[in-house]
Amino acid sequence: MAFLPRGRSTNTIARMHFWPKLKNEPSLLGFSGYKVGMTGVFIVEDRVGSPDYGKETLHPATFIEAPPMYVCSIRAYIKVQQRLQTLSEVWMKDPPKDLYRHIKYPKNIDASRNLKIIEDNLARIKEFRVLTATQPRITGVKKKKPDVGEIKVDGGSIEEQFEYVKSIIGSKISVNDVFEEGQSVDVASITKGKGFQGPVKRWGVRILPRKSRKLKRGVAVIGPWHPARVLYTVPRPGQMGYWQRTEYNKRILKIDSDVDKINPKGGFLRYGPIRGTYILVDGSLPGPTKRLVRLRNTARPQKTTVKDPPRITYLSVESPQGK
């Protein structure tokens, strides 16, 4: 009931409807990568209140390949009638060629003029965001078209944020510049699509007895006489999967570029080997392999969160392919 209406997502890229606030120096609040697969790790439990404190515990973990992203443009937003409106945007000079596969790159935008507009209206600007593009060509995802998305910049004053976005436009941002090991993040992605399904699989209703009339895998009564209509709360068949879901407070166990230690023989199932920087996140993540995963600073920080990097004693690199 909490996820109604259960309709297909309009885009493969998840949307961030909320960005948290930072009190330190200006920085990006998110990053993007591609889901690789899962494994198992033994880590030393470092939560003080846990009954397994100080012991080795087995955790499921998920690999995300996160190559550097291009900062294509910066956008300045002002507030107009309780909503954000774009004041101006500045694009990089020499964009990557693959970016033309995703968008029609604007050629006649005067960058210096737009920068002057932003600088003259710093008092009205509420926030800055950057438009980033991934590099799927250098990952295990077999596609050329980059995924483009907005990431908010927060921390410090508006003047400090303006100087920060000017320094990073046209450059590559690594995941090490945004997150660190031991940090908790929120993960948003589009789940695996399952097509048209009945109410038993879609809603988990009980299967009727074998002598039931007309149907077994359905709802016996779909509505009362009054009101004479089918209520939205009645489990009905329909589209299942391909929904946007957000997982909160996922701990980053490891960020590294040494892929020789973690790549199994034959590569990961339905993905292949990891070629660059990767993130190891505690637990499972929504979506199938090769699906874009968006990470951000946690919006609901826990009081018992441990910020220090975890101590990993063993990481399984066994391949499910048997190669």
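Bear in mind these aren't lab numbers, they're just calculated from the coordinates by the rules spelled out. For clarity, every value in this text was computed on a predicted model and none was experimentally measured. Note that each Cβ is placed from the backbone with ideal geometry, even for glycine, and that neighbours are counted across all protein chains shown.
List the relative contact order of the range 69-173 as a percent without decimals, with contacts defined as Cα pairs under 8 Å and 6+ residues apart.
Normalised by residue count, the contact order of the range 69-173 is 38 percent.
Looking at the chain as a GNM with Cα springs under 10 Å, which of Ser257, Ser212, Ser284 has the largest mean-square fluctuation?
Ser212
Before anything else, pin down the relative contact order of the chain: Cα pairs under 8 Å, at least 6 apart, normalised by residue count, whole percent.
After rounding, I find 29 percent.
Output the 0 to 90 degree angle, nearest 10, between the alpha-carbon long axis of helix 158-168 and the longest principal axis computed from the alpha carbons of the chain.
With rounding to tens, the tilt is 90 degrees.
Multiply the residue gap between Ala220 and Arg101 by 0.36 nm, knock off their C-alpha separation, and tell me the result in nm, one decimal place.
37.8 nm
Given 0.36 nm per residue, what is the gain on full extension from Phe3 to Gln302 after removing their alpha carbon distance, in nm?
Separation in residues times 0.36 nm, less the Cα-Cα distance, equals 105.3 nm.
Going 7 Å from the Cα of Phe196 toward and past its Cβ, which residues in the range 210-252 have a backbone nitrogen under 15 Å from where you end up?
236-241
So if I average 1/r over every pair of distinct C-alpha atoms in the range 69-173 and take the inverse, what Kirkwood radius in Å does that give?
14.5
Tell me the angle of helix 111-120 to the major Cα principal axis of the chain, expressed in degrees between 0 and 90 and rounded to the nearest ten.
90
Size of the dipole of the range 233-304 about the Cα centre, Lys and Arg at +1 and Asp and Glu at -1 on the beta carbon, nothing else charged, in debye to 20?
Result for the range 233-304 is approximately 260 debye, rounded to the nearest 20.
Amide H of Gln183 versus every other amide H placed in the peptide plane: which residues, excluding those fewer than 5 positions away on the same chain, fall under 5 Å?
Under 5 Å from the amide H of Gln183 lie the amide H atoms of Ile252, each far enough along the sequence or on another chain.
All other residues with a Cβ under 13 Å from the Cβ of Leu58 taken together, and with Lys, Arg as +1 and Asp, Glu as -1, what is their net charge?
-3
Can you show me the helix-derived [θ] at 222 nm for the chain, built from DSSP H runs with n ≥ 4 at -39,500 (n - 2.57) apiece and divided by the number of residues, rounded to the nearest 500.
Computed mean residue ellipticity for the chain: -2000 deg cm²/dmol.
Suppose every Lys and Arg Cβ carries +1 and every Asp and Glu Cβ carries -1, with no other charges. What dipole size does the chain come out with about its Cα centre, to the nearest 20 debye?
2700
How big is the dipole moment of the range 69-173 about its Cα centre under a simple scheme where the beta carbon of each Lys and Arg is +1, that of each Asp and Glu is -1, and everything else is neutral? Debye, nearest 20, please.
Using only the charged Cβ atoms, the result is roughly 720 debye.
Hey, fewest Cβ within 10 Å first, where do Glu89, Glu65, Glu45 land in order?
Listed from fewest to most nearby Cβ atoms, that is Glu45, Glu89, Glu65.
Tell me, what HN-Hα J-couplings in whole Hz come from the Karplus equation 6.51 cos²θ - 1.76 cosθ + 1.60 at θ = phi - 60° for each residue of the range 285-291, using x for Gly and Pro?
So the J values, rounded to whole Hz, are 10, x, x, x, 5, 6, 7.
Calculate the spin-label point distance for Val230 paired with Lys21, positioning each point 7 Å from the Cα along the beta-carbon direction, and give it in nanometres.
If labels sit at Lys21 and Val230, their model points lie 4.6 nm apart.
What residues of the range 164-195 lie in the reach of a label at Tyr248, counting those whose backbone N is under 15 Å from a point 7 Å from the Cα along Cα→Cβ?
The answer is 184-188.
Once fully extended, how much extra length lies between Lys144 and Leu58, figured as 0.36 nm per residue of separation less the alpha-carbon to alpha-carbon distance?
27.3 nm
What translational D, rounded to a whole number of µm²/s, comes out for the range 222-309 from Stokes-Einstein when the hydrodynamic radius is the Kirkwood one over Cα pairs, at 4 °C and 1.567 mPa s?
The Stokes-Einstein estimate is 74 µm²/s.
Which of the chymotrypsin sites (Phe, Trp or Tyr not before Pro) found in the range 1-107 are in a DSSP loop and have at most 10 neighbouring Cβ atoms, other than their own, within 10 Å?
Taking the range 1-107 and a limit of 10 other Cβ atoms within 10 Å, the loop chymotrypsin sites (Phe, Trp or Tyr not before Pro) found are Phe3, Phe18.
Taking the square root of 5 times each eigenvalue of the Cα gyration tensor, what semi-axes in Å does the equivalent ellipsoid of the range 1-57 have, largest first?
32, 22, 16
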